[in-house]
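One structure is given below, encoded as structure tokens.
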């Protein structure tokens, strides 16, 4: 695997080794000991999630707080998404900054997101199947979120607002300065 550090400390792009032949391809998507050896991060994932969405669906920006904070390893099984994370660690030198990573079934990239980040994605292809491993279970009472269109973040979602499909819950998330409940 190839590990690429990003400008946000702890956020890593993982490029698994893919073996192609006349039958198709094979890749190991996760191996705990190889992950630790290549990243220096001891991650123990306890929950897998998967979603399927159509073009323009924007999910996020979400996070878990306190004892239920989550690190995630995300990837796209089918289609293409723009994956976005925002550093919400108050003590971080990159607090309030974000990065975007294009994840697709073609590039096979994975994105490791440590605890302390808000996360979201938008589907750029006709459909996309998004898969993520979490190192902690989901807890409704510990969830929080940030408005996808927070002016202070200036996130380019690469689609016009008229195309975006956003859940009722996500439409009313607060801006970053008003969102953090328990950090």
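The values are calculated or read from the model by the stated rules, or taken from the named source; none is laboratory data. Because the structure is predicted, anything quoted here is derived from the model rather than measured. Neighbour counts are summed over all protein chains in view; Cβ atoms, including those assigned to glycine, are modelled from backbone coordinates with ideal geometry.
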Restricting to region 61-70, and then to whatever is in contact with a strand residue (DSSP E or B) (Cβ under 9 Å, 6 or more places away or on another chain) and surrounded by fewer than 20 Cβ atoms within 10 Å (Cβ to Cβ), can you tell me which residue is farthest from residue 145 (Cα to Cα)? 68
Residue pairs qualifying under the 6 Å Cβ cut-off, at least six apart or on distinct chains, with the first in region 150-164 being touching a residue at least 12 places away in the same chain (Cβ under 8 Å) and the second being surrounded by fewer than 16 Cβ atoms within 10 Å (Cβ to Cβ), are 150/175
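Okay, residues lined up against (1) in contact with a strand residue (DSSP E or B) (Cβ under 8 Å, 6 or more places away or on another chain); (2) in a helix (DSSP H, G or I); (3) over 21 Å from residue 84 (Cα atoms):
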{"position": "13", "(1), (2), (3)": "yes, no, no"}
{"position": "25", "(1), (2), (3)": "yes, no, yes"}
{"position": "29", "(1), (2), (3)": "yes, no, no"}
{"position": "33", "(1), (2), (3)": "no, yes, yes"}
{"position": "38", "(1), (2), (3)": "yes, yes, yes"}
{"position": "43", "(1), (2), (3)": "yes, no, no"}
{"position": "52", "(1), (2), (3)": "yes, no, no"}
Quickly run through region 99-125 and pick out the residues that are in contact with a helix residue (DSSP H, G or I) (Cβ under 9 Å, 6 or more places away or on another chain) and surrounded by fewer than 20 Cβ atoms within 10 Å (Cβ to Cβ). none
Go through region 137-152 residue by residue and tally those that are crowded, with 18+ Cβ neighbours inside 10 Å, touching a strand residue (DSSP E or B) at 6+ places or on another chain (Cβ under 6 Å) and part of a loop (DSSP other than H, G, I, E, B). 2
In region 2-15, what residues are surrounded by 11 or more Cβ atoms within 10 Å (Cβ to Cβ) and either within 21 Å of residue 115 (Cβ to Cβ) or modelled with pLDDT under 95 (or both)? 3, 4, 5, 6, 8, 9, 10, 11, 12, 13, 14
Which residues, taken from region 154-183, are farther than 16 Å from residue 59 by Cα and either touching a helix residue (DSSP H, G or I) at 6+ places or on another chain (Cβ under 6 Å) or part of a loop (DSSP other than H, G, I, E, B) (or both)? 154, 179, 180, 181, 182, 183
Single condition residue 76 does not satisfy, out of (1) part of a strand (DSSP E or B); (2) more than 20 Å from residue 4 (Cα to Cα): (2)
Provide a single number: the residues in region 48-60 that are touching a helix residue (DSSP H, G or I) at 6+ places or on another chain (Cβ under 8 Å) and either more than 25 Å from residue 163 (Cβ to Cβ) or surrounded by 19 or more Cβ atoms within 10 Å (Cβ to Cβ) (or both). 3
